[in-house]
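Note sheet for the following structure.
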Amino acid sequence: MHRWDVYRGRRTGSGRLPAILLFLLALLLVIGATLFFALPSYLVYSKDSVQLQLPGFSREEEEEEVQWEILVEQTPAPDYSDVTAEIVVQEPDYSNLHLATGADLGIVQSVYVPYAQANEEGINAAVTQCKALDVKGLTIELKDGSGQLLWLSETNTAVGYALNGTWDLSATVAELKEMGYYLTAEIACCVDNSLVSRNANLALKDAGGYPYSDVYGAWMDPWNAEVRQYTIELASELMTMGFDEVLLSRVEHPNSEVQYTRSMSGTLTREACVTNFAIAVREGLADVMAETGAHLSVEMTSDAFNNENVDNGQRLEYLLGVFDRVYTFTETYQEVYAFTGLGVDSTERFVPIISWTFPGASWANNYFSIQ
C-alpha cells in the first residue's frame, strides 16, 4: 500500500555539483602555488614599473635591442661643426650646347625704347616711328641697372623689396598685341642697384668685402641661386603677360677680381660663370616658353664682340647655344662676321641695335638716341 504521508525526495544530477566545485578549488590552489613559486624568476623590476617577461616572448625583442645598441655604437652621428659649404666647379665643357637651335624664328625689326622713354608718351612716339619705318615691332627696356621695375610685378622679390613700378603693363601689352605688334621686353640681370642696397647677401664683393660696383652699377652674383630665380620669375611673368620675346642684358661678369656669395673650389672662369647662369635661366623658363611660344635672347657688349682682351665671360658660341638671338649696340655692323665663322644665320639670330635701318635682316632701330 502506498503511503501518502511519508515524503520521499526526487534524485537529480545536482547532487554532483559540490564535487566539481571542490575539484576546481583544488586546481586553482595548485596553479596559485605554482605561480607563487615560479613567477618571481620572470619578473623584471625597474624604478617605475614591474614587467613580466616569459620565455619565448621577449627574447627576440632583447636581441633586437642589443643589435641596435651595437649598431649605434659602430656608427656614431657625424660631426658637422667644422664643415664649410662650397660649390665645386669642375672643368666645364659647353661645346655641345643645343638649348637654342634658332628654330621657329623669323626676321625681327623693331623700334628700341630705352628705360627713360618706357612710358605712355614714349610708347606712342615709338609706335609713330614704327609706322614711318613700316614695321610692327617694339623692344622695350623695362628694367635697367637701377633695379627699379617700370611695371607692377607680382613676383615675391619685387614685392618684398619694394622694387615695383606703377605701370599697368598688361593693359598696354594687350592693346599693342591687338594692333599686331611683335613685343620684346628687356630686363637687366646681374647689375641691380636697388636690390643690392636692400640685400647685400646677393652682391659680389670687392677685396674689402663690400658690395662691388663700377660705372654700370652694383653687381649681383651670377652664381647665386636667388639671383637666378629672380631673373626667371621676371622673365616668366613677362612671357605670360604676352611678350613674344624677353631680352636679358648684363648677363656678364665685371672686369675685376671679385668674391662670390658662396665658397668656390675647382676651376672657375668668368666664362663658366656667365654660361652657367645663362643655362640655369633658360632651363628655368623651359615650361613657360613651351606654353607661350616666347623666345629668350641676350644682349652682348660690343667690346666682347670686338675686343679679345675683354674678359666679361661672354662668348658668342656659347650664348648662341643657350639663347635664340644675340643683340648688341653698334654702328658698324661688323659683328655680323663673327656669325659667319660659326655657320649661323645672322639675319634671324643677330639683332644690331642701330640708329639706321636696312632691308633683309633683323635690327632694332635706336630711334630715341638721335632725338
For region 354-371, the count of residues that are in a strand (DSSP E or B) and either touching a residue at least 40 places away in the same chain (Cβ under 8 Å) or of a type outside the set (A, V, I, L, M, F, W, C) (or both) equals 3
What do you reckon, is GLU233 under 27 Å from TYR333 (Cα atoms), assigned by TED's automatic domain parsing to the domain that holds VAL108 and crowded, with 17+ Cβ neighbours inside 10 Å? no
Residue count, region 320-331 (criterion: without any contact (Cβ under 8 Å) to a residue 60 or more places away in the chain and either of a type outside the set (A, V, I, L, M, F, W, C) or surrounded by fewer than 24 Cβ atoms within 10 Å (Cβ to Cβ) (or both)): 4
Of the residues in region 103-134 that are in contact with a helix residue (DSSP H, G or I) (Cβ under 9 Å, 6 or more places away or on another chain), among the β-branched types (Val, Ile, Thr) and over 18 Å from VAL246 (Cβ atoms), the one that is surrounded by the most Cβ atoms within 10 Å (Cβ to Cβ) is VAL127
Across region 332-353, which residue is surrounded by the fewest Cβ atoms within 10 Å (Cβ to Cβ) among those that are part of a loop (DSSP other than H, G, I, E, B) and of a type in the set (D, E, K, R)? ASP345
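Sort through VAL246, VAL173, VAL251 and tell me the only one that's within 30 Å of VAL127 (Cβ to Cβ), part of a loop (DSSP other than H, G, I, E, B), in the same structural domain as ASN309 (by TED's automatic domain parsing) and among the hydrophobic types (A, V, I, L, M, F, W, C). Let's see the steps before the verdict.
Values: VAL246 fails: part of a loop (DSSP other than H, G, I, E, B); VAL173 fails: part of a loop (DSSP other than H, G, I, E, B).
Exactly one residue qualifies, and that residue is VAL251.
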Please work out if TRP223 is part of a strand (DSSP E or B), in contact (Cβ under 8 Å) with a residue 24 or more places away in the chain and assigned by TED's automatic domain parsing to the domain that holds GLY284. no
Working only within region 255-292, note down all residues that are assigned to a helix (DSSP H, G or I), among the aliphatic types (A, V, I, L, M) and crowded, with 20+ Cβ neighbours inside 10 Å. ALA272, VAL274, ALA278, VAL281
For region 142-157, does any single residue satisfy the condition of being within 20 Å of the chain's Cα centre (by Cα) and either more than 30 Å from GLY293 (Cβ to Cβ) or outside the structural domain of SER236 (by TED's automatic domain parsing) (or both)? no
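Could you check, for region 319-331, whether at least one of its residues is assigned to a loop (DSSP other than H, G, I, E, B) and over 19 Å from LEU248 (Cβ atoms)? Before you say what the answer is, go through the steps one by one.
Taking region 319-331 as the starting set, the residues that turn out to be assigned to a loop (DSSP other than H, G, I, E, B) are 323-324, 330-331.
Next, only the ones that are over 19 Å from LEU248 (Cβ atoms) stay: 331.
Within region 319-331, one or more residues are assigned to a loop (DSSP other than H, G, I, E, B) and over 19 Å from LEU248 (Cβ atoms).
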Tally up the residues in region 293-316 that are on the phi > 0 side of the Ramachandran plot and either touching a helix residue (DSSP H, G or I) at 6+ places or on another chain (Cβ under 8 Å) or buried (at least 19 other Cβ atoms within 10 Å of the Cβ) (or both), please. 1
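Select from region 90-134 the residues that are hydrophobic (A, V, I, L, M, F, W, C) and part of a strand (DSSP E or B) and write down the one among them that is farthest from GLY180 (Cα to Cα).
Step one: list which residues in region 90-134 are hydrophobic (A, V, I, L, M, F, W, C), which gives 97, 99-100, 103, 105, 107-108, 111, 113, 116, 118, 123, 125-127, 130, 132-133.
In the following step, the residues that additionally are part of a strand (DSSP E or B) were identified as 111, 113.
On the way: VAL111: 14, VAL113: 17 Å.
By that ranking, first place goes to VAL113.
Yes/no per residue for (1) modelled with pLDDT under 95; (2) not polar (S, T, N, Q):
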| position | (1), (2) |
| --- | --- |
| ASP244 | no, yes |
| SER249 | no, no |
| GLU252 | no, yes |
| ASN255 | yes, no |
| ALA280 | no, yes |
| GLY284 | no, yes |
| ALA294 | no, yes |
| MET300 | no, yes |
| GLU335 | yes, yes |
Would you point out the residue of region 71-102, among those that are surrounded by fewer than 10 Cβ atoms within 10 Å (Cβ to Cβ) and among the charged types (D, E, K, R), that is modelled with the lowest pLDDT? GLU73
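The values are calculated or read from the model by the stated rules, or taken from the named source; none is laboratory data. In this text, all values refer to a predicted model and were calculated from it rather than measured experimentally. All Cβ positions, glycine included, derive from the backbone under ideal geometry; neighbour counts span all protein chains shown.
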